[in-house]
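Peer 1: I'd like to ask some things about the structure below.
Readers should treat all values here as calculations from the given coordinates under stated rules, not as data from a laboratory. Worth saying up front: this structure is predicted, and the values here are computed from it rather than measured. Every residue, glycine as well, gets a Cβ built from its backbone with ideal geometry; the counts of neighbours run over all protein chains shown.
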Amino acid sequence: MKKKIKHGWYCKVCGQFKSNEKFSGKGRSQHICKDCQRQIQEEKLTKMQVLKMEKAQTYEQLVPQIASLIKDVDNHVGALANVSALLHSSFLHYFWCGFYIVKGDVLELGPFQGEVACYTIKKGRGVCGKAWEDKQTVVVPNVLQFPGHIACSSKSRSEIVVPVFKGEDMIAVIDVDSKGYSAFDDIDKEWLEKIAKLISPLFDTKDTPLKEI
Ligand code: SME
C-alpha cells in the first residue's frame, strides 16, 4: 500500500504534494522539489506560470458554478454545504474547507468539508478569530508558527481565512486549511474574496445568521 504523506509541501513546479525529505533546504524555501530543481530555470518558470494560471482558471470557472448552485435556494445551510463541497473537490491543496458564522460574541461552526472541527471560536483567537478581529483576510504559510492557532487537525500546515461581509457587518468567514506549508497565495486570496461576496446573500442578519431550513 502506498504510504500516505501526512504533511509536506506542494511543489510549485510539478504541483505535487511531497514529503519534507523530497525537498532540499533551498528547495523548501522556494517550494520546489529535488526532482524539479534539476530542470533548467526557463522550464521551471514556465511550469510555475502554468500551474498558477490553472489555479486561477479553476477559480474563475467555479464562480458561475457557485452562482448557479445558490440561486433561488431557500435552504442556506445546504447551499453553503454545497459550496464547501465544490471548493474542496476542486483543489488538491484544500484539506479542510468551510464556514464559521458570527453568532453573538463567537464564530460558530457552519457547513464544511473535511475532518471534524471545533464548534466555537472567540474573537481574536486562532486564525479565524484574528480575521474577525481585523476584518481582513489572513494567510498563514505555517500554522505551527502562528501564535494561538487552533489545531482542529494535527495534519493542517497552512491556512487562509477570508471574511464575509453583509454591508459593513462581518458575518462569517471562509476557512481553508492545507496539509502543505505555504499552500495559499494571492490567487487564493483574490478569488476567495470574490466568492465571499457572491455567497454573502445566503446570510441574513447578525441575529439570525442563516435562514432556517
Ligand atoms: N485553525 C482554525 C480553526 C478552525 S479549523 O482550521 C477547521 C483557527 O486557528 O482559527
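Peer 1: What do you get for trypsin sites (Lys or Arg not before Pro) in region 1-66 restricted to DSSP loop and a cutoff of at most 16 other Cβ within 10 Å of the site's Cβ?
Peer 2: Values: sites: K2, K3, K4, K6, K12, K18, K22, K26, R28, K34, R38, K44, K47, K52, K55; in loops: K2, K3, K4, K6, K12, R38.
Filter output for region 1-66: K2, K3, K4, K6, R38.
Peer 1: If you don't mind, there's one more thing I want to ask. If you stretched the chain out fully between T120 and N75, how much longer would it get, using 0.36 nm times the residue separation minus the C-alpha to C-alpha distance?
Peer 2: Numbers: separation 45, 0.36 × 45 = 16.20 nm, distance 2.23 nm.
Full extension from T120 to N75 adds 14.0 nm.
Peer 1: Shifting gears a bit: What does the helix-only formula give at 222 nm for the chain: each DSSP H stretch with n ≥ 4 adding -39500 (n - 2.57), the total divided by the residues, and the result rounded to the nearest 500 deg cm²/dmol?
Peer 2: Details: 6 runs with 78 residues, N = 213.
Per the formula, -11500 deg cm²/dmol.
Peer 1: Please report the projected area of region 1-105's Cα convex hull averaged over all directions, in nm². Mind dumping the intermediate values first?
Peer 2: On the way: hull surface 41.0 nm².
Mean projected area of the Cα convex hull: 10.3 nm².
Peer 1: With +1 on each Lys and Arg Cβ and -1 on each Asp and Glu Cβ, how big is the dipole of the chain about its Cα centre, in debye rounded to the nearest 20?
Peer 2: It comes to approximately 1200 debye.
Peer 1: Moving on to the next point. Relative contact order of the chain: what whole-number percent is it, with Cα pairs under 8 angstrom and at least 6 residues apart? The partial results should precede the final answer.
Peer 2: Working: 401 pairs, mean separation 42.3, N = 213.
Relative contact order comes out at 20 percent.
Peer 1: Among the trypsin sites (Lys or Arg not before Pro) in region 72-154, which ones are in a DSSP loop with at most 14 other Cβ atoms within 10 Å of the Cβ? Mind listing them? Before the final figure, lay out each step's value.
Peer 2: Numbers: sites: K103, K122, K123, R125, K130, K135; in loops: K123, R125, K135.
Taking region 72-154 and a limit of 14 other Cβ atoms within 10 Å, the loop trypsin sites (Lys or Arg not before Pro) found are K123, K135.
Peer 1: Between M53 and S89, what is the FRET efficiency for a Förster distance of 30 Å, r being their Cβ-Cβ separation, to the nearest 0.05?
Peer 2: On the way: r = 20 Å, r/R0 = 0.68.
With R0 = 30 Å, the Cβ-Cβ based efficiency is 0.90.
Peer 1: Still on this model: How large are Rg and Dmax for region 63-202 when only the alpha carbon atoms are used, in Å?
Peer 2: That works out to 13.7, 42 Å for Rg and Dmax.
Peer 1: May I pose another question? So which of K44/K130; K55/K135; K122/K197; K47/K71; K44/K122; K12/K123 end up more than 31 Å apart by C-alpha?
Peer 2: Details: K44/K130 36 Å; K55/K135 26 Å; K122/K197 23 Å; K47/K71 37 Å; K44/K122 43 Å; K12/K123 34 Å.
Cα-Cα > 31 Å for K44/K130; K47/K71; K44/K122; K12/K123; rest within.
Peer 1: Output wanted: per-residue J couplings in Hz (rounded whole) for region 146-151, from phi through Karplus 6.51 cos²θ - 1.76 cosθ + 1.60, θ = phi - 60°, x for Gly and Pro.
Peer 2: For region 146-151, the Karplus curve yields 8, x, x, 3, 9, 8 Hz.
Peer 1: Express in whole angstrom the spacing between the alpha-carbon centres of region 11-38 and region 139-161.
Peer 2: 21 Å
Peer 1: Below 8 Å, C-alpha to C-alpha, sequence gap of six or more: please give me the relative contact order for region 1-90 in percent. Numbers along the way, then the final one.
Peer 2: Working: 67 pairs, mean separation 16.6, N = 90.
After rounding, I find 18 percent.
Peer 1: Within the chain, what is the longest stretch that has no GluC sites (Glu not before Pro) placed in a DSSP loop and near at most 13 other beta-carbon atoms within 10 Å? Present the calculation step by step, with values, prior to reporting the outcome.
Peer 2: Details: sites that count: E115, E168, E212.
Within the chain, the longest run free of exposed GluC sites (Glu not before Pro) spans 1-114.
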